[in-house]
Amino acid sequence: MRRWVAASAVMLVIPMVVTGLGTTANAQGAPADPIDALKRRLVENRGVKMSKVLTSMYVADGEKEHFWTEAVAEFGRGKITAIDMTYDSDRRNWTDPIRQVVVEGCQYIQDDHLPNGKSWILREDNEIRPVLDAGWIKLADPVMLKAVLATTRVKRPAGVYDGTPTTLHQGTITVGQLSKASPGLPFGLVVKPTREEMKAKVSWRLWLGEDQLVRRAWGSWSEPFSKNGDVPVSYVVDARLTGWGAETDIAAPSADDVVTPSDWSMPEPSVPLNPAVG
């Protein structure tokens, strides 16, 4: 079940091109619910910042690895349209922080060691989508947000995040439920989940501000046991979202500064696929 680890282990990001931090006023009155609140924010050239920490622990020996993400997401046409992110890790053999810019169909990976003065590697695939996530939960997907909140078992006042008092929603959802809500395969899987994987549970917590937007998201899950003897791994992710409604202008790198793996003789670098690529 290492396929879960590879996709889940790298979700990071750095705010690159956000101006006007802070939430813009909502002239349409208070949103009816968190799904309505999110839909109102998915407008052109507006976005949100995210900071995230993912901790993975190998159950057998208790060894932990940490992955840090700083990101800016840009919205438009009722969805996330781009993300500019940088991620880092304390994993052994990890080198420098990695920056990526992801738009639909394209993943740009920054690399300062490319030939001919180029700075970016372009990976093209029709399945590539920018994703703003906390583990398995896509935070900019109204359909998934609705499915997750439908499994709420605890709801109570909580702390202040991004300058607003929050209400904590908490519950558990299965991979099968997430798969049903997600367009395509659930986050972290590269093939259709098995019947046993569908039963795997994800514990979640969402802190919603007074405007009903997510300010903090937390998730915990374990890599499902499989018959092939893979070592099980447990995960905890903690994400903070700030500046909902900030102006954004994420642009793809200039074509003059980009290469594809086929443009040069060296093999494609083994850059981990980003969970922000759905």
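The values are calculated or read from the model by the stated rules, or taken from the named source; none is laboratory data. Note that the coordinates shown come from a computational prediction; the quantities given were computed from them, not determined experimentally. Positions of Cβ are generated from backbone atoms using ideal geometry, with glycine treated the same way; all protein chains shown enter the neighbour counts.
Residues that are at pLDDT 95 or above, in contact with a Pro (Cβ under 7 Å, 6 or more places away or on another chain) and not aromatic (F, W, Y) are absent from region 56-69.
Of the listed requirements (1) in contact with a Lys or Arg (Cβ under 8 Å, 6 or more places away or on another chain); (2) buried (at least 21 other Cβ atoms within 10 Å of the Cβ), Q170 misses just one: (2).
Looking at region 180-188, can you tell me whether even one residue there is of a type in the set (A, V, I, L, M), within 21 Å of L38 (Cβ to Cβ) and modelled with pLDDT under 90?
yes
Close contacts from region 249-263, counting a first residue that is in a loop (DSSP other than H, G, I, E, B) and a second that is of a type in the set (D, E) and at pLDDT 95 or above, with Cβ to Cβ under 7 Å and a gap of 6+ residues or different chains, come to I250/E74; I250/D84. Restricting to region 124-138, name every residue that is assigned to a loop (DSSP other than H, G, I, E, B), surrounded by fewer than 23 Cβ atoms within 10 Å (Cβ to Cβ) and either among the hydrophobic types (A, V, I, L, M, F, W, C) or out of contact with any Pro (no Cβ under 9 Å at 6 or more places or on another chain) (or both). The answer is D125, N126, E127, I128, V131. Reported count of residues in region 89-101, each being part of a strand (DSSP E or B) and free of Cβ contacts under 8 Å to residues at least 24 places away in the same chain, is 0. Considering K146, K155, the condition of being assigned to a helix (DSSP H, G or I) and surrounded by 11 or more Cβ atoms within 10 Å (Cβ to Cβ) is satisfied by K146 alone. Taking region 129-147 as the range and being out of contact with any Ser or Thr (no Cβ under 9 Å at 6 or more places or on another chain) and either of a type in the set (A, V, I, L, M) or on the phi > 0 side of the Ramachandran plot (or both) as the test, the residues that pass are V131, L132, A134, I137, L139, A140, L145. Each residue in region 46-88 was checked for being in a loop (DSSP other than H, G, I, E, B) and in contact with a helix residue (DSSP H, G or I) (Cβ under 8 Å, 6 or more places away or on another chain), and 1 pass.
Counting just the residues of region 78-96 that are surrounded by fewer than 18 Cβ atoms within 10 Å (Cβ to Cβ) and closer than 30 Å to L178 by Cα, which one comes out nearest to the chain's Cα centre (by Cα)? Step by step, filter region 78-96, then rank; the result is K79.
Here are G209, G243, G229, G219: which of them is modelled with pLDDT under 90 and either surrounded by fewer than 21 Cβ atoms within 10 Å (Cβ to Cβ) or not hydrophobic (A, V, I, L, M, F, W, C) (or both)?
After ruling out the rest, the residue left standing is G229.
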